[in-house]
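K.L.:
Have a look at the structure that comes next, please.
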Amino acid sequence: MYEGPIQDLIDELGQLPGVGPKSAQRIAFHILGAEAEDVERLADTLKLVKETVKFCEICFNVAEEERCRICRDPRRDQTSICVVEEVKDVVAIERTREFRGTYHVLGGAISPIDGIGPADLNIRELVQRLGDGTVTEVILATDPNLEGEATATYLSRLLVPMGVRVARLASGLPVGGDLEYADEVTLGRAFEGRRYLES
């Protein structure tokens, strides 16, 4: 344990996802040894992100305006929506250059053990997007783990009766893995081999 502000910094850094106690300590001492201008630039960037970045009013992707760049792009296929758990999954799929539709970010996955149910996700907004009949295909690209499968199953039972084709990404993604860590080839093959779900 350290005294004062350095311990406070270690504690704050330790709350970040993927940062354990040793990593938090390393980062804190790196910041302590960095030039004042570098630390100020980091602090200014953190403030700027918090003040200016918001979530797209349509798909819940990150955006600097009311709508993200994908929702503003008239070249995107408006008849196809790819449903993902987190914003980082949009980036992973975009790297494949296989999908030219739009996205819908749920903001997580159904996980009763963590107290996350369908009402805690952006599912109602997804259903509203399907209301005007423009969308004909929904691709469920949730993570291939227990929570992602539960979310995909819930969504397929909800969406298939609405008359849209509902697909789940095909094999190629390891069970228990995260889309964020899949390489472009694996994700590309998963898109090519997606399967459609029936009610």
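K.L.:
How far is helix 4-14 tilted off the main Cα axis of the chain, in degrees rounded to 10, range 0 to 90?
P.N.:
So the helix axis and the longest Cα principal axis differ by about 20 degrees.
K.L.:
Would you kindly state how much longer the chain becomes between Ser23 and Ser111 on full extension, computed as 0.36 nm times their sequence separation minus their alpha carbon distance, in nm to one decimal? Present the calculation step by step, with values, prior to reporting the outcome.
P.N.:
Details: separation 88, 0.36 × 88 = 31.68 nm, distance 2.80 nm.
Result: 28.9 nm gained on full extension.
K.L.:
Suppose R0 equals 25 Å. What FRET efficiency, 1/(1 + (r/R0)^6) with r the Cβ-Cβ distance, do Tyr2 and Glu51 give to the nearest 0.05?
P.N.:
Values: r = 30 Å, r/R0 = 1.22.
So the FRET efficiency works out to roughly 0.25.
K.L.:
Using only the alpha-carbon atoms, how far is helix 36-52 inclined from the longest principal axis of the chain? Give it as 0 to 90 degrees, nearest 10.
P.N.:
30 degrees
K.L.:
Which value, in debye to the nearest 20, describes the size of the charge dipole of the range 4-52 about its Cα centre when Lys and Arg Cβ atoms bear +1, Asp and Glu Cβ atoms bear -1, and nothing else is charged?
P.N.:
Details: 5 positive and 9 negative charges, 52 e Å.
It works out to roughly 240 debye.
K.L.:
What is the Cα centroid distance between the range 126-187 and the range 93-108, reported in whole angstrom?
P.N.:
If you average the Cα positions of each part, the centres end up 10 Å apart.
K.L.:
A further question on this structure: Explain nothing, just compute: Karplus ³J(HN,Hα) = 6.51 cos²θ - 1.76 cosθ + 1.60, θ = phi - 60°, for every residue of the range 17-32 in order, whole Hz, x for Gly and Pro.
P.N.:
Calculated HN-Hα couplings, in order: x, x, 10, x, x, 5, 5, 4, 5, 4, 5, 4, 6, 5, 5, 4 Hz.
K.L.:
Starting with the fewest neighbours, write out Thr153, Thr102 ranked by other beta-carbon atoms found within 10 Å of each beta-carbon. Before the final figure, lay out the partial values.
P.N.:
Numbers: Thr153 15, Thr102 22.
Neighbour counts put them in this order, fewest first: Thr153, Thr102.
K.L.:
Can you list the aspartates and glutamates whose alpha carbon is less than 15 Å from that of Lys88, not counting same-chain residues fewer than 8 positions off?
P.N.:
Asp143, Asp178, Glu180, Asp183, Glu184
K.L.:
FRET efficiency for Arg76 and Ala43, Cβ-Cβ distance as r, R0 = 41 Å, nearest 0.05?
P.N.:
Working: r = 36 Å, r/R0 = 0.87.
FRET efficiency, Arg76 to Ala43: 0.70.
K.L.:
Oh, and also: Just want the answer: with Cβ charges of +1 for Lys and Arg and -1 for Asp and Glu, which residue in Val62, Phe29, Leu46 is farthest toward the dipole's positive end in the chain?
P.N.:
Looking along the dipole axis, the top candidate is Val62.
K.L.:
Could you sort 25-33, 155-163, 138-146 so that the peptide with the highest average Cβ count within 10 Å comes first and the rest follow in order?
P.N.:
Values: 25-33: 14.2, 155-163: 15.8, 138-146: 22.6.
The peptides rank, most packed first, as 138-146, 155-163, 25-33.
Rule-based calculations on the coordinates, nothing more; no lab input. Keep in mind it's a predicted model, so treat the numbers as computed, not measured. Neighbour counts run over all protein chains shown; Cβ positions are idealised from the backbone, glycine included.
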